[in-house]
Amino acid sequence: MTEAAVSPIRTTCPYCGVGCGVVAANGGAGPVSGDNDHPANRGRLCVKGASLGETLGSHGRLLKARVDGCESELPAALDAVAAAIQDSVAKYGPSSVAFYLSGQLLTEDYYVANKLAKGFIKTPHVDTNSRLCMSSAVAAHKRAFGADAVPACYEDLELADLLVLSGSNAAWNHPILYQRMKTAAREGRRVVVIDPRATATTELADLHLKLKPGTDTVLFNGLLVWLADHQGLDSEYIRDHCAGFGDTLAEARIAAPDTASVAIQCDLPRADVDTFYQWFAATPRTVTGFSQGVNQSVAGTDKGNAIINCHLATGRVGQPGASPFSLTGQPNAMGGREVGGLANTLAAHMDYDTPGAQARVAKFWQTDGVADGPGLKAVDLFEAIYRGDIRVVWIMATNPAVSLPDTDRVREALARCPTVIVSDCVANTDTTAFADILLPAAGWGEKDGTVTNSERCISRQRAFLPLAGDARPDWWLMSEVAWRLGFGEAFGFNTPAAVFREHAALSGCDNNGTRVFDISALAELSDQGFDALSPIQWPASEEAPHGQARLFTAGQFCTPDGRARFIPIQTRLPRESPATALPMIVNTGRIRDQWHTMTRTARTPRLLQHRSEPFIEVHPEDVERLGLSNGALATLTRNQGRFTGRVRSTDAQRPGEVFVPIHWNQQFASEGLATQLTARITDPVSGQPESKFGLADLTPFPARWHGRLLCREPQPRRWQAGYWSYAPLAECGSWWLAGSERVDWPRNASQWLGGPLQQVMSDPTNGCFRAARIVDGRLISILLVDARPERLPAVDWLASCFALKSLSDEQSRTLLAGRDIAREATGAIICSCFQVGERQIEKSVANGADSVEALAAALKCGTNCGSCLPELKSMLSHSLGKAV
Ligand SMILES: Nc1nc2c(c(=O)[nH]1)N[C@H]1C(S)=C(S)[C@@H](COP(=O)(O)OP(=O)(O)OC[C@H]3O[C@@H](n4cnc5c(=O)[nH]c(N)nc54)[C@H](O)[C@@H]3O)O[C@H]1N2
Ligand SMILES: Nc1nc2c(c(=O)[nH]1)N[C@H]1C(S)=C(S)[C@@H](COP(=O)(O)OP(=O)(O)OC[C@H]3O[C@@H](n4cnc5c(=O)[nH]c(N)nc54)[C@H](O)[C@@H]3O)O[C@H]1N2
Ligand code: SF4
Ligand SMILES: [Mo]
């Protein structure tokens, strides 16, 4: 091939549910940029999307299958999968087999999994990590609208004159949508954020309701009462398009009789509650966006319905700029729901109890029957594995040893399970460690198919790279197993387009307008048509062949009588078993630059610079009360579970509550699993775990020493430390270490550093020790130990020494002294695009910069993707002592 550029490929970002269009130039060898023509992002990308190119490559990939710990050829591994399923079905029945899927699969993968499990193996046990993510919103939609359908589109977030965001940190988790919300700022437009902590998103808020965790239903019940008492209802809409208003209002009056009661129950200033209610009543164009602070709750479904009740009561559903809007998390959370990938659904928006659905789906799939009832939801599914009722589980594109609550129990379940099959694109995760059979899955850039974003927009993910090693797309791996199980005829797909056509046809099968999910207009797409498919918002049916932006605009819903349902909401607060009535409430969530369990985003050093280790955000009063200090380590303990992280003292938190990130796991930290701090408590309707409320003791980590160790990789771990946290850097690996044991440094250091030391500096009176291995002038590894963590030097310049071909004597001495003379330390990176750190920003402010524009002029920070703007603003306001 000549050097002629391969034409750019348009695809979709594999991270969040915003679903931005991405252009990969030059077969992935070129830079990745935003697709100007994609309706979700119009060319913009956040820092995660913009770094996608750096996550490609074979490093860390699972390239070969493994069976019982030994490398295997792929056909033999697929034989082993089929044999395990066949054997288990023969001995224990189909229900002994389960599939645990993911909103990160493509729709085509999901469709094949659902068909194979429910239609052919005939196990009902197919659930997905969407259970932990969106199942409360799904259940709320079904209760209110009769179908799991999001009425709104992204434009509504801009059109709204009042934007309410509840339980959503969109600035970090839906960054491009957040940019759109921000750009829509105008005279008269207001934003209300409802969240127990201040976040980057509250920067946009005209009103932040820092409510007591779990009390959202009280707040929205109170709103319904207020609307009824202040002529705020749309009585005609309620009369003509809804049912159940009377009972719902009566229940709301019991739960939240007046604003005084709401203010006390939610622990909010009464005036703020009144303001919110007045704004809501006065603003016809109101959108309420909600996410995990709503869904991941023991009252998640009720929280969703409490919000929807207020929108129905004001006729604000499916209107321009007026709707409830569930912001989905994963790139294909929606696609999974569309194929029926949740255990309580059957297929294509049909439930097991939808009249005629089982026979219809069986006929369509040309099988003699489907599984005969709903299967187990995620948390219960893993309990069934624990008990031994489920004996074969196939886990695909999710990392349940990290993401399910009470992870020790989940790990024990996986250890007990006779056959654990894991398909992943990454070799070493906390879950692949339990796999009996490991299948190499094709990753982003290699896969072809579709995903559906938060606004029901179906977009193509397109391949632009060859398959790595033996990796294959998930739909292909499952179809191969189906052939081996004797179901070959039903799985004769040879392209994802063939799978998509079948899925589209099923959505239209006997539909006649009864199911809002109908994409039958796409059932006849040719392979070329599929390749060229432009983003389209479902439904895409005979009536709406080009898609539809909003649903339910005419007030016609999917219930048998066409009316939406008000749902009476009682108060149900977060709970924990009494035995663990410990002092701190633990809230868990996301950070800007990492994606979930870090399998992909941690491959990019620049995404680990914003937050580089596990942390605990604590209110300053608690820091003081519990004898902690900002920047030191602390441990949260719940039963056997421990989480150790660096304390970030911040009044963003409410006293008595802490926030920890969900990302770190056993690949990246000694004790970084947030899910050890949350119990197996679920919402009774949706089965979604209460991931935002745990209880734990918070104590200082008794560190005698703190250390930083940097080694050229790969290196086996030779050190012992009570605390460690790992970050891969460009030229080396970096570990934060700390220990409570006394260490004889001169004796141990050479073992820790992997060989004889060339440079040593020891100052026992200050608890200070430094040693380096330098071979032929090249830095191999370095250890810096200090009794006080703040005296350890910043990692960025230490890491830069690994890039040098040879160190001068002067440089070696500087290294051990821990002082950087070459370049001033930047501190934690705030702007990942231009690598601008905390220290530089502080310095710039000290030199007179008093606005983000001034910072941008001085440092360029915030001028590319904009993900860091909320933090820049917050740093500025903090330093200047006033809002900017
Ligand atoms: N950078 C990044 N972006 C992501 C992801 C990621 O891993 N990293 N993951 C994606 C996925 S799958 C998802 S689901 C989304 C999630 O997106 P979000 O829902 O925005 O994420 P979280 O940080 O989990 O939680 C949101 C907020 O809920 C608040 N909260 C906690 N308890 C309550 C409560 O009782 N009431 C209210 N009103 N709020 C509460 C928390 O303080 C937190 O700020 O993000 C997506 N985007
Ligand atoms: N405490 C607490 N727990 C939570 C949450 C919380 O806020 N707090 N949030 C919950 C939510 S909303 C979510 S969505 C989950 C997320 O939790 P998980 O789904 O467990 O996390 P990921 O890291 O996204 O796991 C995806 C896995 O799939 C692999 N993978 C990526 N692409 C492919 C592919 O194409 N094919 C295959 N076969 N594998 C692939 C990745 O390498 C990775 O191992 O966590 C949930 N758990
Ligand atoms: S906003 Fe979400 S979809 Fe868009 S680039 Fe960022 S992570 Fe990807
Ligand atoms: Mo999620």
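Couple of notes before you dig in:
- Just one of the listed residues (Asp234, Asp216, Asp195) is more than 14 Å from ligand 1 (Cβ to nearest atom) and in contact (Cβ under 8 Å) with a residue 24 or more places away in the chain, namely Asp234.
- Taken over segment 237-268, the criterion of being hydrophobic (A, V, I, L, M, F, W, C), part of a helix (DSSP H, G or I) and either in contact with a Cys (Cβ under 9 Å, 6 or more places away or on another chain) or under 12 Å from Thr215 (Cα atoms) (or both) is satisfied by Ala255, Val262, Ala263, Ile264, Cys266.
- Scope segment 487-532; condition among the β-branched types (Val, Ile, Thr) and either in contact with a Gly (Cβ under 7 Å, 6 or more places away or on another chain) or not in a helix (DSSP H, G or I) (or both); matching residues: Thr495, Thr514, Val516, Ile519
- Extreme residue, nearest to ligand 1 (Cβ to nearest atom), among residues of segment 198-213 that are in contact with a Pro (Cβ under 8 Å, 6 or more places away or on another chain) and under 19 Å from Asp161 (Cβ atoms): Thr201
- Residues of segment 117-136 satisfying the condition of being assigned to a helix (DSSP H, G or I), touching a strand residue (DSSP E or B) at 6+ places or on another chain (Cβ under 7 Å) and within 16 Å of ligand 1 (Cβ to nearest atom): Leu132
One line per residue, one yes/no per condition, for (1) closer than 22 Å to Gly300 by Cβ; (2) of a type in the set (Val, Ile, Thr):
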{"residue": "Ile194", "(1), (2)": "yes, yes"}
{"residue": "Lys212", "(1), (2)": "yes, no"}
{"residue": "Phe220", "(1), (2)": "yes, no"}
{"residue": "Asp240", "(1), (2)": "no, no"}
{"residue": "Asp258", "(1), (2)": "no, no"}
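- Scanning segment 195-221 for residues being polar (S, T, N, Q) and part of a loop (DSSP other than H, G, I, E, B) gives a total of 2.
- For segment 464-486, the candidate set comprises residues that are part of a loop (DSSP other than H, G, I, E, B) and in contact with a Ser or Thr (Cβ under 8 Å, 6 or more places away or on another chain); within that set, the residue that is farthest from Ala98 (Cα to Cα) is Phe464.
- Residue in segment 456-463 that is at negative phi, part of a loop (DSSP other than H, G, I, E, B) and touching a Gly at 6+ places or on another chain (Cβ under 7 Å) present: yes
- All strands (runs of 3 or more DSSP E) inside segment 583-690 with 1 or more residues being closer than 23 Å to Val193 by Cα: 584-589, 615-618, 641-649, 657-661
- Output for segment 658-687, where each listed residue is within 11 Å of ligand 1 (Cβ to nearest atom) and out of contact with any strand residue (DSSP E or B) (no Cβ under 6 Å at 6 or more places or on another chain): Pro661, His663
- Contacts under 8 angstrom Cβ, first residue in segment 625-647 being in contact (Cβ under 8 Å) with a residue 12 or more places away in the chain and at positive phi, partner not basic (Lys, Arg) and not in a strand (DSSP E or B), 6 or more apart: Gly631/Pro789; Gly631/Glu790; Asn639/Thr580
- Qualifying residue in segment 141-150 (condition: closer than 30 Å to Thr601 by Cβ, in contact with a Gly (Cβ under 6 Å, 6 or more places away or on another chain), within 16 Å of ligand 1 (Cβ to nearest atom) and assigned to a loop (DSSP other than H, G, I, E, B)): no
- Residues that are among the hydroxyl-bearing types (Ser, Thr, Tyr) and at pLDDT 95 or above within segment 494-523 comprise Thr495, Ser507, Ser520, listed in sequence order.
- The criterion of at least 1 residues that are away from ligand 1 (no atom under 16 Å from the Cβ), of a type in the set (Ser, Thr, Tyr) and farther than 24 Å from Lys377 by Cα is met by the following strands (runs of 3 or more DSSP E) wholly inside segment 1-116: 9-12, 32-34, 70-72.
- Counting only strands (runs of 3 or more DSSP E) that sit completely within segment 767-884, those holding 3 or more residues that are farther than 24 Å from Asn169 by Cβ correspond to 768-775, 778-786.
- Among the residues of segment 33-74, those identified as closer than 19 Å to Arg600 by Cα and among the basic types (Lys, Arg) are Lys48, Arg61, Lys64.
- Options Ile254, Ile194; residue that is among the β-branched types (Val, Ile, Thr), over 17 Å from Val287 (Cβ atoms), more than 16 Å from ligand 3 (Cβ to nearest atom) and out of contact with any helix residue (DSSP H, G or I) (no Cβ under 6 Å at 6 or more places or on another chain): Ile254
One line per residue, one yes/no per condition, for (1) aliphatic (A, V, I, L, M); (2) under 25 Å from Pro870 (Cα atoms); (3) surrounded by fewer than 21 Cβ atoms within 10 Å (Cβ to Cβ):
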residue	(1), (2), (3)
Asp593	no, yes, no
Arg606	no, yes, yes
Gly627	no, no, yes
Thr635	no, no, yes
Asn639	no, no, yes
Ile681	yes, no, yes
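- Total residues in segment 716-761 satisfying the condition of being in a strand (DSSP E or B) and under 39 Å from the mean Cα position of the chain (by Cα): the figure is 13.
- Only one entry in Ser844, Ser851, Ser874 is farther than 19 Å from Gly43 by Cβ and surrounded by fewer than 17 Cβ atoms within 10 Å (Cβ to Cβ), namely Ser851.
- Scanning segment 399-429 for residues that are within 16 Å of ligand 1 (Cβ to nearest atom) and either assigned to a loop (DSSP other than H, G, I, E, B) or surrounded by fewer than 24 Cβ atoms within 10 Å (Cβ to Cβ) (or both) turns up Asn399, Leu404, Pro405, Val426, Thr429.
- Residue ID - nearest to ligand 4 (Cβ to nearest atom), chosen from residues in segment 124-147 that are surrounded by fewer than 24 Cβ atoms within 10 Å (Cβ to Cβ) and on the phi < 0 side of the Ramachandran plot: Lys142
- The requirement of being crowded, with 20+ Cβ neighbours inside 10 Å, farther than 30 Å from Gly562 by Cα, in contact with a Pro (Cβ under 9 Å, 6 or more places away or on another chain) and not small (Gly, Ala, Ser) is fulfilled somewhere in segment 482-501, by at least one residue.
The values are calculated or read from the model by the stated rules, or taken from the named source; none is laboratory data. Fair warning: this is a prediction, and the values are worked out from it, not measured in the lab. Here Cβ is always computed from backbone atoms with ideal geometry, including for glycine, and neighbour counts include all displayed protein chains.
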